[in-house]
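Only one structure is covered here, and it is reproduced in the block below.
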Amino acid sequence: MEKIDYNKFSQESDDTNPEFVFATTDCDTLARMLSGELDPRVMIAQQLTNCGCDLNGKYVGFKKAEQIFKESK
């Protein structure tokens, strides 16, 4: 498995630092993602849709976000 160099993110806030993205995710869910039972890309797309954001994380509204992610499947 590829190792990520998190040092390049050390100046970022904890909210945007990828080292902490799964800090509050329970181990069972992480294991299910790693095994392929859960697809993190699908989960991320759903979360962006729920926030009304596009593929770049920009707010576009809930209806537009839903359209974007329906089309990207």
From the option list Gly52, Gly36, single residue qualifying as under 30 Å from Gln67 (Cβ atoms) and loosely packed, with under 10 Cβ neighbours inside 10 Å is Gly36
Six or more apart or on different chains, Cβ atoms under 7 Å: show the pairs whose first residue is in segment 54-70 and within 18 Å of Arg41 (Cβ to Cβ) and whose second is among the acidic types (Asp, Glu) and part of a loop (DSSP other than H, G, I, E, B). Ala65/Asp54; Ile68/Asp54
Selection from segment 27-73 of residues part of a loop (DSSP other than H, G, I, E, B), charged (D, E, K, R) and within 19 Å of Thr16 (Cα to Cα) yields Asp54, Lys58
Is at least one residue of segment 39-60 under 11 Å from the mean Cα position of the chain (by Cα) and of a type in the set (Phe, Trp, Tyr)? no
List pairs: first in segment 17-41 and without any contact (Cβ under 8 Å) to a residue 12 or more places away in the chain, second assigned to a loop (DSSP other than H, G, I, E, B), Cβ under 8 Å, 6+ apart or cross-chain? Asn17/Ser10; Phe20/Asp14; Thr29/Leu38; Leu30/Phe22; Arg32/Leu38; Met33/Asp39
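Those residues that are among the charged types (D, E, K, R) and over 16 Å from Ser72 (Cα atoms), I need them from segment 8-57; list them, please. Break it down into steps so the answer makes sense when it comes.
Going residue by residue through segment 8-57, those that are among the charged types (D, E, K, R) are 8, 12, 14-15, 19, 26, 28, 32, 37, 39, 41, 54.
Of everything in segment 8-57, those that are among the charged types (D, E, K, R) and over 16 Å from Ser72 (Cα atoms) turn out to be Lys8, Glu12, Asp14, Asp15, Glu19, Asp26, Asp28, Arg32, Glu37.
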Within segment 37-73, work out how many residues are among the acidic types (Asp, Glu), more than 21 Å from Asp26 (Cβ to Cβ) and modelled with pLDDT of 95 or more. 2
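The values are calculated or read from the model by the stated rules, or taken from the named source; none is laboratory data. Source: prediction; values computed, not measured. Because the Cβ atoms are built from the backbone with ideal geometry, glycine has one as well, and the counts that use them run over all protein chains shown.
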